[in-house]
1. For segment 9-18, does any single residue satisfy the condition of being open to solvent by 70 Å² or more (accessible area, probe 1.4 Å) and among the aliphatic types (A, V, I, L, M)?
2. So Asp323 ticks every box in (1) surrounded by 16 or more Cβ atoms within 10 Å (Cβ to Cβ); (2) charged (D, E, K, R); (3) out of contact with any strand residue (DSSP E or B) (no Cβ under 6 Å at 6 or more places or on another chain) but one. Which box is left unticked?
3. Within the group Met153, Met125, which residue is in contact with a strand residue (DSSP E or B) (Cβ under 9 Å, 6 or more places away or on another chain) and at pLDDT 95 or above?
4. For segment 40-66, name all the residues that are outside any loop (DSSP other than H, G, I, E, B), more than 25 Å from the chain's Cα centre (by Cα) and of a type in the set (Val, Ile, Thr).
5. Do any helices (runs of 4 or more DSSP H) lying entirely in segment 255-327 carry at least 3 residues that are β-branched (Val, Ile, Thr), and which ones are they?
6. For segment 125-144, how many residues meet the condition of being open to solvent by 60 Å² or more (accessible area, probe 1.4 Å) and without any contact (Cβ under 8 Å) to a residue 24 or more places away in the chain?
7. Does Ala168 satisfy the condition of being more than 9 Å from the ligand (Cβ to nearest atom), open to solvent by less than 10 Å² (accessible area, probe 1.4 Å) and assigned to a helix (DSSP H, G or I)?
8. Out of Gly317, Gly307, report the one residue that is more than 16 Å from the ligand (Cβ to nearest atom), on the phi > 0 side of the Ramachandran plot and modelled with pLDDT of 95 or more.
Amino acid sequence: MSDESIDFTDPERVGFETRAVRAGQPHSPTTGAVVTPISLATTFAQAEVGVTRGYEYSRTGNPTRAAYETCLASLEGARHGLAFASGMAAEDAVLRALLPGDHILLGNDAYGGTFRIISKVFAPMGVEWTAVDLTDPDQVKEHWRPRTRLVWMETPTNPLLTVVDIEAVAAAAHGQGGLCVVDNTFATPYLQQPLSLGADIVVHSTTKYVGGHSDVVGGFVATSDADLAERLAFVQNSVGAVPSPFDCYLSLRGLKTLALRMDRHCENAAAVVELLVSHPAVSEVLYPGLESHPGHDVALRQMSGFGGMVSFRLRGGRAAALDLVTRTELFTLAESLGAVESLIEHPAAMTHASAAGSPLEVPDDLVRLSVGVETAADLVADLGQALDSI
Ligand code: P1T
């Protein structure tokens, strides 16, 4: 069967895994190559002025990037997708829609860099913001101002794994005439598709699960709104924070195994959680898969799995947390998340240090795990010996 007879981007026709492998990636019409080439050209020949074969200059558009953008947009159920050089560059592109005097509602638990770009880059340019607890969607209406333009949320959040009801928050934002932006980095489109729940824009740090192998930094914005997409493409081209063709190739390659990896991340996280809930050194385990988690029911409704991120608090406080993160051997002490190898970190001193003293500050007895795809028993044994030794 030839490529052309099936639309591999169509969620109505083909499943998630098929789209991950085939969407935007037709076999080469000249050689039959089944892998999208890394198209390094920065410029493309024009037959006459302005007559192109779809590409003119690689900042504006590139064949490898286009394949990747088509594929990930399809996985998010979005009509449009734009790739950026990092998650922060993707966030920047969305936030550039705001003008001085505009106001944002930011979930009160988010990646430290998101807090930093809003409070230290956009706020000095006149953008105002309020941190709100989005687990109560009524907060949207309560804190809405005449110049509020959007609600920015993560779910599950980084690093507290709080679950926010996307449908309820999007409806509340729309009720006020604003937009709902969801950072879907932790869940990935395999576990959660925010646009189908009413969100207007999805952003990603593709450095994480999409790339999946800790070897490419990237970001992504997906939307089905043609006007928003046009504006975002204008910013992408004007500002130029685009990923290289090689980065796009790596991210596209990552997408092909996203479903398989996410299944294993979820399984391994569940095994690790089982150890943590019964260990005397641990005071609280934060994982949406636990029935005791306040967002468990919402997670069951809007996610198809609970993900590979696990956070927990230690009875021994900050000192115990700082000690523990040096005692694991298989879990590597490092920032970032979402790749095949397991990582451990101390958010208050590492990824979320920029939120210290703000409403987004995180507890200092908190440890965050990115549970990888190694053998579950090895992960449990490693964490167990480290917890026993503190
Ligand atoms: O690192 P970058 O690709 O620029 O993505 C930023 C970003 C955006 N959104 C979320 C939810 C994130 O977790 C991140 C990056 N986070 C880490 C590096 C971290 O260790 O939490």
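The values are calculated or read from the model by the stated rules, or taken from the named source; none is laboratory data. The model shown is predicted, which means the values in this text are computed figures rather than measured ones. Cβ atoms come from the backbone with ideal geometry, glycine included; neighbour counts cover every protein chain shown. Each accessible area value is taken on the protein alone, full model and side chains, heavy atoms only, with ligands, DNA and RNA left out. Shrake-Rupley method; radii C 1.70, N 1.55, O 1.52, S 1.80 Å.
1. No.
2. (1)
3. Selected residue: Met153, the only one of Met153, Met125 that is in contact with a strand residue (DSSP E or B) (Cβ under 9 Å, 6 or more places away or on another chain) and at pLDDT 95 or above.
4. Of everything in segment 40-66, those that are outside any loop (DSSP other than H, G, I, E, B), more than 25 Å from the chain's Cα centre (by Cα) and of a type in the set (Val, Ile, Thr) turn out to be Thr43, Val51.
5. 258-277
6. Qualifying residue count, segment 125-144: 1.
7. Here the answer is no, as Ala168 does not meet what is asked.
8. Matching residue, one of Gly317, Gly307: Gly317.
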